[in-house]
Structure formats: structure tokens, C-alpha cells
Amino acid sequence: MSSSETAPLRARAEIDLAALRANVRALRAVAPGAALMAVVKSDAYGHGAVPCARAALEAGAEWLGTATPEEAFALREAGLQGRVLCWLWTPGGPWQRAIEADVDVSVSGLWAIKEVREAAAAAGAPARVHLKADTGLGRNGCQPYDWPELVDEALRAQADGLVTVVGLWSHFACADEPGHPSIEAQLGRFREMVAYAEEQGVRPEVRHMANSPATLTLPEAHFDLVRTGIAVYGLSPSPEVGTPADLGLRPVMTLKASLALVKQVPGGHGVSYGHLYTTPGTTTLGLVPVGYADGIPRHASGAGPVLVDGKLRTVAGRIAMDQFVVDLGGDEPPPGTEAVLFGPGDRGEPTAEDWAQAAGTIAYEIVTRIGTRVPRVYVNVSTERAGNPQG
């Protein structure tokens with residue numbers, strides 16, 4: 001869709017699929033010896049899982065990654081092919097459905113191996129399993145102390161025809177802080193845990209540890225597969241790693257709204273809840289009809305940047321549930337004028353990183369939290385699907 005076609009919308013998140021495809025190609029070039037997984041959890045970090053997954057596959061991603069089983073099933077129901085790994089499981093999860101949907105599953109503990117065995121027996125087909133090692137993140141994954149028992153149980157299940165151990169993997173704690181001592185420590189531990197599993201007879205198709213920052217900065221961590229999430233969407237994992245432009249990436253989401261009202265107010269006029277902002281003199285205020293119910297962080301009250309009528313403005317006062325105000329300084333753009341909250345930044349608009357700084361958070365959260373009231377409008381859809389912008 002063109003911007004003129006989307007102009008009447010209260011708000012919209014324009015998703016540039018050409019940028020996403022270019023990001024995937026750039027990431028593949030950074031890790032040429034490894035396959036690439038595009039992580040599309042949390043509705044592709046707020047960008048729309050199915051269209052983004054399809055574009056990533058078109059650009060050469062061989063794998064898709066999700067957190068929850070339901071996210072993986074949605075990809076399959078949309079007809080997406082290729083390998084899908086789902087890693088966030090809880091007891092009683094839909095293991096059998098995952099096996100039947102040809103979804104790879106991650107296992108971090110003995111309870112999961114037991115449930116996978118039962119599900120595979122019921123499905124009449126082996127589960128494709130990735131054993132996850134906790135090499136120091138302290139989150140999901142099996143501790144080194146318990147690793148021999150997990151490997152042994154997985155190999156027993158494999159011998160019984162109920163499991164195929166296809167992956168060994170782990171996750172970094174501080175890869176977005178280049179030079180952090182934990183990085184080498186985790187890499188060393190992962191190599192040791194992989195070596196142990198292979199000595200016991202595991203023959204993994206893929207060993208994988210690199211997230212976006214490790215893909216971009218740690219070639220020694222690429223192994224057989226890299227798992228790229230935030231970088232697929234053109235955002236930097238952290239300012240320490242570099243800007244998107246430094247990394248050869250382009251932000252995929254541009255968030256826009258249409259001014260709902262422009263009015264003149266006198267000096268000394270309070271603005272929004274709590275009157276945290278008072279006009280310094282006669283001025284004009286513009287009403288931007290999005291708020292924290294749409295995912296605009298309330299923590300950015302008084303600080304969030306917005307491009308209106310060619311000039312950078314700042315949120316005046318508190319961000320409310322459905323709306324916030326900018327001081328237009330006497331300018332009088334007509335209602336309906338476009339307000340750009342963030343985008344790639346090359347047309348003078350703020351970026352998601354700018355909003356992250358204003359809210360004291362990270363760019364991941366800025367894009368992921370944009371809510372369902374904001375329609376996703378897909379631009380630069382691939383030629384073969386040009387007739388289906390939502391596809």
C-alpha cells in the first residue's frame with residue numbers, strides 16, 4: 001500500500017518487507033558458514049509473524065524460531081515450510097501436536113524428555129529434539145551437573161525410536177556487551193558440553209548458540225546455525241554493538257499516526273494528567289491519538305520524540321492510555337497531518353532506539369509492545385504476492 005492509501009488511519013505500523021529481506025541477506029553474509037534462523041516469536045517482535053516469516057524464508061533463512069508452541073503452530077497453519085524450532089515448554093504442553101506439525105522441540109530437563117517420549121509414542125513418530133545447555137545464562141537450559149543424565153535419557157529415547165536428537169544449543173547472557181568475560185566462559189562451557197554429548201553418541205545436525213549480537217560480533221560462536229531475532233527487524237541489539245547503519249541493517253517498522261486535533265492555548269496552560277507540562281507561552285498543541293494501550297511507553301512521558309510537519313517535537317506531559325500531546329510551538333499543521341513516532345531515521349524521524357532511550361528501556365521492547373489496535377500495513381511485499389499486502 002502507498003502512504004496515501006493508509007493516511008486516513010488513526011495510526012499504523014508500516015512494515016517494510018524489502019528491508020527485512022535485505023537484513024536477512026546481510027546477516028547471512030556475516031555468517032556464511034552457518035544456516036540462519038529468523039526468530040519470529042512475539043508476532044515477529046510486533047511486526048507480524050506470518051508475513052515476516054515468509055519474507056525471511058524468501059531471503060534465504062532456512063529456519064524459523066518461536067518461543068511458544070502456539071506461535072509455531074500458527075506458522076504451519078499459514079502453510080509455511082522449512083524447519084521450525086519452538087523452545088519454551090511447560091509441563092503438559094502440546095508435544096504430540098508439535099511432532100505431528102513437524103516442529104522441532106527444545107528440552108532442558110528430564111520432565112520434558114519423559115513427556116516427549118509419551119507424545120512420540122502416541123504420535124507414532126519420533127520427536128526432533130534440541131537439548132539446551134545452560135552455559136551461564138541461568139535461565140532455561142540444563143546445568144552442566146545434570147547434563148550427563150539428560151544426554152543419557154535422550155539417547156535412551158533415541159534408541160527406543162521415540163526421539164531424534166538433532167540439535168545441541170545454548171544462549172548468551174551478555175553477547176550485546178562486546179568483551180564481557182562471560183562470553184568466552186560460556187563459549188568454553190558450550191564446547192565442553194557439546195563434546196561430552198558427542199562422545200556419548202549424539203550426532204547433532206546443528207549446534208547453535210549465536211543470537212543477533214553474537215552473529216554480528218562473534219564469528220567463533222556461529223557453529224552450524226545462527227539465531228537472529230532483533231537484527232532481522234533492522235534494529236541493533238545494543239548501542240555498544242553499533243547502530244543499524246553501522247551493522248548494515250535497516251529498521252523495518254515505521255510507526256505513524258494522524259493528528260486528531262490542533263488548537264491554540266494560552267501560556268500557563270497545563271497539559272495532560274498531573275499537569276507535568278505547562279505551556280511557557282501562547283502556543284499550539286497537537287493531539288496524537290495513540291497511547292500506552294497502543295504500546296507507547298508511559299515512561300517516555302515528557303521525553304518521547306515525534307516528527308510532525310518536518311520538525312522534531314517532544315511529548316508534552318503524560319502519555320495517556322489512548323493519546324498524548326505535542327507542543328507545536330505556534331505551528332498550525334491541519335488535523336490529519338502525519339506524526340511519525342519512529343522509523344529508520346533517514347528522513348529526520350526518530351528511531352525506536354530514540355524512544356528506548358526516552359523510556360529507559362531497549363529497542364526490542366519498543367517495537368514488540370506496539371499493540372493490536374495499531375494495524376500493520378505491509379509495504380514492498382514480494383512481487384509474487386503483491387496482490388496480498390497482508391500475506
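Some observations on this one:
- Positive minus negative residues near E70 (Lys, Arg vs Asp, Glu; Cβ under 13 Å): 0
- Taking chymotrypsin sites (Phe, Trp or Tyr not before Pro) across segment 1-99, none is in a DSSP loop with at most 15 further Cβ atoms lying within 10 angstrom of its Cβ.
- Mean-position separation - Cα centroids, segment 167-188 and segment 105-134, in angstrom: 25 Å
- Computed [θ] at 222 nm, deg cm²/dmol, the chain (DSSP H ≥ 4; -39,500 (n - 2.57); rounded to nearest 500): -8500 deg cm²/dmol
- Lysine pairs within the chain, Cα separation less than 24 Å, 8 or more sequence positions apart or different chains: 5
- Rough spin-label spacing in nm, given labels placed 7 Å along Cα→Cβ, for A67 and K263: 4.0 nm
- Accessible surface computed residue by residue for the chain, with neighbouring protein chains in place and a 1.4 Å probe, gives 41 Å² per residue.
- Intensity falloff of segment 259-351 expressed as log10 I(q)/I(0), Debye formula with alpha-carbon point scatterers, at q = 0.11, 0.20, 0.25 Å⁻¹: -0.27, -0.92, -1.39
- Counting Cα-Cα pairs of segment 230-270 in 5 Å increments starting at 0 gives whole-percent bin shares of 5, 19, 17, 9, 8, 7, 7, 13, 13, 1.
- Quotient of Cα Rg and 2.2 N^0.38 Å for segment 188-246, N being how many residues it contains: 1.36
- Label corresponding to Rg/Rh (Cα atoms, Kirkwood Rh) when calculated from the structure given, among [x] 1.05; [y] 1.10; [z] 0.94: [x]
- Counting 0.36 nm for each residue step from A101 to D331 and taking away their Cα separation leaves a gain of 77.2 nm.
- Pairwise FRET efficiency - E77 versus A29, Cβ, R0 = 35 Å, nearest 0.05: 0.65
- Highest-first arrangement of 342-350, 139-147, 195-203, where packing means the average Cβ count within 10 Å: 342-350, 139-147, 195-203
- In terms of packing, defined here as the mean over residues of other Cβ atoms within 10 angstrom, the peptides 285-291, 308-314 line up highest first as 285-291, 308-314.
- In whole angstrom, segment 1-141 maps to an equivalent ellipsoid with semi-axes of 31, 18, 14, each derived as √(5λ) from the alpha carbon gyration tensor and ordered largest first.
- Solvent-accessible area assigned to carbon and sulfur over the chain amounts to 51 percent, based on a 1.4 Å probe.
The values are calculated or read from the model by the stated rules, or taken from the named source; none is laboratory data. Nothing here was measured: the structure is a model prediction, and the numbers come from that model. Virtual Cβ from ideal backbone geometry, glycine too; neighbours counted across all protein chains shown. Calculation scope for accessible area: heavy atoms of the full protein, side chains included, ligands and nucleic acids excluded. Shrake-Rupley method; radii C 1.70, N 1.55, O 1.52, S 1.80 Å.
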